[in-house]
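The values are calculated or read from the model by the stated rules, or taken from the named source; none is laboratory data. None of these values were measured; they are calculated from a predicted model. Neighbour counts run over all protein chains shown; Cβ positions are idealised from the backbone, glycine included. Protein only, heavy atoms only, side chains kept; ligands, DNA and RNA dropped before computing areas. Shrake-Rupley method; radii C 1.70, N 1.55, O 1.52, S 1.80 Å.
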Amino acid sequence: MAQQTNIAAQTAFGEAVVTGDLDALDEIVAPDAIDHDPAPGQGPGPDGYKAMFGQLRAAFPDLNVQVEHLMATEDELAFAYVITGTHLGPLMGWPATGRKVSYRGMQISRFDSDGKLVERWGSSDELGMLRQLGLADQQS
């Protein structure tokens, strides 16, 4: 049963990011959740995720995350995903380019017995994203 609870929590996390309902992360992420691979300047817990994804959604208002592969244990999920979007807002100090991006990432999420995210490890191809935007070799 824990696997299904955790899959439902991770699915709700993804839906919150894609729809922009970032306040939903308060119910999904534990207050003391640890992100082992945070974005630059990302704070802890749900507020850190809300701020980071808020900035990403401002840069890519049509942001979409598609999970391509998922594996689950009783307390962890590992998944591969593709992020797509159109760069229509500021990103890391760069103005919008209007270009579309598609880049991959992988994540491992650990959940507590209540189905709340308590730990995350992950990586996405941010350099590939910047290359697609024509920003990889520029200084902001």
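For this structure, a couple of remarks:
- Pairs linking a residue in the range 50-75 that is among the charged types (D, E, K, R) and modelled with pLDDT of 95 or more to a residue that is open to solvent by less than 60 Å² (accessible area, probe 1.4 Å) and part of a loop (DSSP other than H, G, I, E, B), with Cβ atoms under 9 Å and 6 or more positions apart or on different chains, are 57/20; 57/63; 57/89.
- Residue in the range 21-67 that is farthest from residue 82 (Cα to Cα), counting only those that are in a strand (DSSP E or B) and under 13 Å from the mean Cα position of the chain (by Cα): 29
- Test: residue in the range 94-101 that is open to solvent by less than 60 Å² (accessible area, probe 1.4 Å), among the hydroxyl-bearing types (Ser, Thr, Tyr) and part of a loop (DSSP other than H, G, I, E, B): yes
- Residue identified as under 20 Å from residue 41 (Cβ atoms), out of contact with any Pro (no Cβ under 9 Å at 6 or more places or on another chain) and at pLDDT 95 or above among 89, 98, 128, 122: 122
- In the range 42-63, the residues that are open to solvent by 60 Å² or more (accessible area, probe 1.4 Å) and either in contact with a helix residue (DSSP H, G or I) (Cβ under 8 Å, 6 or more places away or on another chain) or charged (D, E, K, R) (or both): 47, 62
- Residue tally, condition open to solvent by less than 70 Å² (accessible area, probe 1.4 Å) and either outside any loop (DSSP other than H, G, I, E, B) or under 30 Å from residue 115 (Cβ atoms) (or both), over the range 74-93: 13
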